[in-house]
Amino acid sequence: MLKINNITMKFGGVVAVSELQAHIDKGEIVGLIGPNGAGKTTVFNVVTGVYAPTSGTIQVSPDDKLVDITGMRPDKIAKLGVCRTFQNIRLFKDLPVEDNVFIGNHLRLKEGMLSSIIRTPSYVKSEKEMVEKSHYLLEKVGLYELRKEKAFSLPYGQQRRLEIARAIATDPKLLLLDEPAAGMNPQETKDLMGFIREIKDEFDLTIFLIEHHMEVVMGICDRIYVLDHGVLIAEGNPYDIQNNEKVIEAYLGVE
Amino acid sequence: MKKTNNKNLIKQAIIIVVLLVGLLLMNLFMDSYQIRIINLSLIYIVLGLSMNLINGFTGLFSLGHAGFMAIGAYTTALLTIPPDLKVVNFYMKPIVPFLADLNMPFVLALIMGGLMAALFGFLIGAPVLKLTDDYLAIATLGFSEIIRVVIINLQSVTNGALGLKGIPQIRNVFIAEIFNVKPQINLLWAGVSAIITVYLMIRLMDGSYGKALKAIREDEIAARSMGINLFKHKVMSFTLGSFLAGIGGGLLAVSLGTIDPTLFKFALTFNILLIVVLGGMGSIKGTVFAAIVVTIAMEGLRFLDQSMDLGFLVTPPLPGLRMVVFSLILMMVIIFKKDNIFLTTYTKVRGRYAKN
């Protein structure tokens, strides 16, 4: 699904990510962990096209064919089926909840701007489908009742769910979640884990997630990559990672 | 679902018919000064909405409106002035032969004006829309000035600083004859344009593209991560906005009968910006309301420019005081109300009475 080949990302003299090699297979849930400033979000930004990597390539295979997306525009990458959420929630704050999800559908719209003004039958049909899909997703994340509220008025946990719903509306094959459990209490975190599994099965997703809650990472990830100062220090299943000395060292330091 | 749709359609049709009949009645029973003001407010509705599309809905800080209006106005004027009047107009330097005999009906000329403005909007937008915020404002402002300077210097096409005179005004001759009154400027053209623009804006903003534009305004990074092609959508919005600005410019040219480059200075953009900010960035209702109020107030406050007798002293005439007052109002609104003064006041007033 995703292949990261020797990615290096430098900002001036700072090396945020160095020679990262990683891959994600279809249907996996893969975690990316590491201490603060390890370069996790930079990896996401490189994969989704926010930054073009200094060197290395990224390939995705939404449908069996491997496509090189290195340095591609974010909207094109999204169209290929790679969508993300943001660490510091980026909703369309002043728009209603339902419009946030609706906009996620926009990239699949085939009709042009003029037909949206004239309301051609094919546009009306597409719009109806988009609304239905948005409502279905809103029900899925438990926000249907709140669909008319402005997005910023939702509590934190619901904003995160809304962001995930918006991302799913783009029909992704690969979903990147940047700290989905940040700021959630234990109960919410538990719900979230169930929720991630559920959407993965229902929408046939492959999930790549950054998380600090070890509970989440250890609970749902098939494999985990550990970054420290931009360097990959470990890779493996949750059990191996928990017992990996380098990882413990990176997190806790050495005596 | 189907039924409510039909009901809505009927409701919309009734509103439009009532508006058109209202305009017709105003056309018959008001004097030419009042009609002129109403005509101007209708034109300002078109212009305000076109600017709101770019600035308010898409969040592009563009100040190039006067330039696009100039293109629309000159195109419409050149296409409607009869050939013999063109000869009179261009006495300094004859008009290029290609334009000398070109003449078409007003509606076609108006649409051509819009299309020309849209073409320039597209050409200018393509490089400029890579910029954001203040840089975009400076670049568009610059382009609008460039257009004006080009118009001044393109003597054989635009008649330069002399401007164009004798643009045929559209009068309601037919209706006036039936009711046996003096023919006036026909309000229907501006009226129909305003109604179409409002309708178009409501449709657009309610649909997928309008929501995508709003998403760009809200958060560009999130919007492009959701697969919205920022550049394409910005150019579309900018081009459509320019088209409407061109239409507004064409209507203005026809209603004034005379245009020259000084008309399309930055002050004109400022007037429209005033309407957009007062009415609320991203509010269709607000813009319509503000366009009417501001246009009427601009005329109503004309006494400020003249010499005033305050009882204890007589002030000398101060041309331009009116605009000072408007600038002050704009500043106050921005400081105290952020934007959307009309709508917030309206909801407040309504809220107060609706509670009990």
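Below, the figures for the structure above:
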| item | result |
| --- | --- |
| Cβ neighbours within 10 Å from other chains - mean over B:229-238 | 2 |
| Antiparallel DSSP beta bridges within the protein assembly as shown, as percent of all bridges there, nearest 5 | 60 percent |
| Residues A:HIS135, A:HIS213, sorted so that the one with the fewest Cβ neighbours within 10 Å comes first | A:HIS135, A:HIS213 |
| Pair B:VAL87, B:MET104: separation of 7 Å Cα→Cβ label points (nm) | 2.5 nm |
| Order of B:PHE68, B:PHE61 - criterion: other Cβ atoms within 10 Å of each residue's Cβ, fewest first | B:PHE61, B:PHE68 |
| Simple spin-label estimate for A:ASP94 and A:GLU245 in nanometres, 7 Å along Cα-Cβ | 5.7 nm |
| Efficiency of FRET between B:PHE312 and B:PHE336 - r from beta-carbon atoms, R0 25 angstrom, step 0.05 | 0.20 |
| Estimated FRET transfer efficiency when R0 is 30 angstrom, pair A:LEU114-B:VAL18 (beta carbons, to 0.05) | 0.60 |
| Length gained when the stretch B:ASP206-B:SER327 is fully extended (0.36 nm per residue, less Cα-Cα span) | 40.3 nm |
| Cα-projected label distance for A:GLN59 with B:ASN153, points at 7 Å along beta-carbon direction, nm | 5.5 nm |
| Semi-axes of the equivalent ellipsoid for segment B:54-201, Cα gyration tensor, largest first, Å | 30, 23, 11 |
| Label zone at A:ASN237, where the point sits 7 Å out along the Cα-to-Cβ direction: segment A:19-37 residues whose backbone N lies under 15 Å | A:28-31 |
| For segment B:2-266, convex hull volume per residue from C-alpha positions, Å³ | 141 Å³ |
| Ranking of B:VAL128, B:VAL18 by count of other Cβ atoms within 10 Å, fewest first | B:VAL18, B:VAL128 |
| Label zone at B:LYS130, where the point sits 7 Å out along the Cα-to-Cβ direction: segment A:37-73 residues whose backbone N lies under 19 Å | A:50-53, A:71-73 |
| Per-residue [θ]222 nm for chain B (sum of -39500 (n - 2.57) over DSSP H runs n ≥ 4, rounded to 500) | -23000 deg cm²/dmol |
| Per principal axis, descending, Cα span of segment A:92-169 in whole Å | 38, 22, 19 |
| 5 angstrom amide H check on B:GLN306, placed H, neighbours 5+ away | B:LEU318 |
| Positive-pole candidate from B:PHE68, B:ILE185, B:SER50, dipole of segment B:2-266, charges at beta carbon | B:SER50 |
| Convex hull volume per residue for the protein assembly as shown, taking Cα atoms only, in Å³ | 238 Å³ |
| A:GLN87-B:LEU123 FRET efficiency (beta carbon distance; Förster radius 56 Å; 0.05 resolution) | 0.90 |
| Relative contact order (percent, whole number), chain B, Cα cutoff 8 Å, 6+ residue spacing | 29 percent |
| Lys pairs under 26 Å by Cα in segment B:2-266, provided they are eight or more residues apart or on distinct chains | 22 |
| Shielding by partners - mean other protein chain Cβ count within 10 Å, residues of A:62-75 | 2 |
| Under the Debye formula (equal points on every Cα, no solvent term), log10 I(q)/I(0) of chain A at q = 0.17, 0.18 Å⁻¹ | -1.34, -1.46 |
| Pairwise centroid distance, computed over Cα atoms, of segment B:59-99 with segment B:156-218, Å | 17 Å |
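No value in this document is a laboratory result; all are computed from the given coordinates. In this text the structure is predicted, and so the values were computed from the model without any measurement. A quick note on method: Cβ atoms are made from the backbone with ideal geometry, for glycine too, and the neighbour counts reach across all protein chains shown.
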